[in-house]
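Every read-out reported here was derived from the displayed coordinates using simple, explicitly stated rules and does not represent laboratory data. The model shown is predicted, which means the values in this text are computed figures rather than measured ones. Don't worry about glycine lacking a Cβ; one is built from the backbone with ideal geometry, like all the others, and counts go over all protein chains shown.
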Amino acid sequence: MLKIGVQSKGILDSEILDLETGFERINKAGFDCIDLNLDVFLKNSELYQGEMNRFFEQSIEELRQYFTSYQEGARRFGLSWSQMHAPYPVWVLGREEQNRIMVETVIPKCLAIAGFLGIPYVVIHPFKMQYRQTCREERRQNMAFFKNLIKPAREHNVTICLENLYESMGGRLVEGVCSAPEEAAWYIDGLNGEAGEERFGFCLDTGHLELVKRPPYKTVLRLGHRIKILHLHENDGIEDLHQIPYTFGRKAGDGFDWEGLLAGLRETGYDGVLNFETFPAMNSFPESVKEEVLRTIAGIGRYFAGRIGAEGLN
């Protein structure tokens, strides 16, 4: 049976819960793993405005000390770290100094934290440049950026995962970098060729598939073994809402094509964690029912695991 995971955002960074209670809540809900959101320490809303706090100015030793309580908490409640999400965006048009700090300091320190905690996969968003410059320039700069991460990724025994992204242009959501599985495969295969080993993989985000109307089944088949981790969540096809699967429809089969996704994962032999990126659900429900919400998400994960496993063929 595949393991079930949930992101730390909205739980371990809660203003209401202490860290230990957050770990306990994840454990009691029935999850096996946690996706560590380092993006809560340097928020995207601030980066887009050109604002940076000083969290990542700490030394590696100071950061290791800070995350020791995370290491101990996960161990105490029998949880493992399945993946990490680095702060994003790494690149913003016209923010040269901020971009330099993200590339030279923030992202390398994220890889070091992952190595310290034993996190195998780190999601790093590619640069989104194609609507501001050109696709060719976007690819050139992304390849240069990720090539420079091969050495630290190897040093910390981490696999870097690119993610399918969307962009907002003219009041509409449109395909962004790695939305097309062919482009994602081009990046990953090229970078692994440069590394001489499998040091790059893909994080498939189901909500982003829905926003740009990419078919889950065909996308999974095209990416195949490159898919190492998942961001499982659903939306209304209009906004990136990060809500619970099966919550956008009046009957079974409405909304996102979950059965197509599961069939694709089964056929390609996916053996990673079923990780839910559903933090707004934790934000939108009252505190008194959040434990039930988490149990529901974990239950959906177990259903997914069954459908992907051998019993799903029946």
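Candidates PHE56, ILE229, GLY5 compared by Cα position along the dipole of the chain: farthest toward the positive end lies ILE229, with charges placed on Cβ. Helices in the chain, meaning DSSP H runs of at least 4 residues, each add -39500 (n - 2.57). Divided by all residues, the mean residue ellipticity at 222 nm is -12500 deg cm²/dmol. Assuming R0 = 41 Å, can you tell me the calculated FRET efficiency for the pair SER80 and ILE101, based on Cβ-Cβ distance, to the nearest 0.05? For SER80 and ILE101, the calculated efficiency is 0.85.
Reported value for the stretch 1-151: 134 Å³ per residue, from the convex hull of its C-alpha atoms.
The label-point distance for MET1 and PHE55, in a model that sets each label 7 Å from Cα toward Cβ, rounds to 3.3 nm.
Counting Lys and Arg as +1 and Asp and Glu as -1 over every other residue whose Cβ lies under 13 Å from the Cβ of HIS225, the net charge comes to -1.
Applying a threshold of 18 Å to the alpha-carbon distances of LYS109/LYS151; LYS28/LYS290; LYS128/LYS228 flags LYS128/LYS228 as lying beyond it.
List the equivalent ellipsoid semi-axes of the stretch 1-307 in whole Å, largest first, each obtained as the square root of 5λ for an eigenvalue λ of the Cα gyration tensor. Semi-axes from the Cα gyration tensor: 27, 25, 19 Å. Pairs of Cα atoms nearer than 8 Å and 6+ residues apart set the relative contact order; for the stretch 1-307 it is 19 percent.
The calculated FRET efficiency for the pair GLU137 and LYS43, based on their C-beta separation and a Förster distance of 35 Å, comes to about 0.85. Among the trypsin sites (Lys or Arg not before Pro) within the stretch 142-248, those in coil by DSSP and having at most 10 neighbouring Cβ atoms inside 10 Å are LYS213. In the stretch 116-238, the C-alpha radius of gyration followed by the widest Cα-Cα span (Dmax) gives 14.4, 42 angstrom. For the chain, taking a cut-off of 4.7 Å between Cβ atoms, the unpaired cysteines are CYS33, CYS110, CYS135, CYS178.
Loop sites here are GluC sites (Glu not before Pro) outside DSSP states H, G, I, E and B with no more than 15 other Cβ atoms within 10 Å. The longest part of the chain free of them is 52-196.
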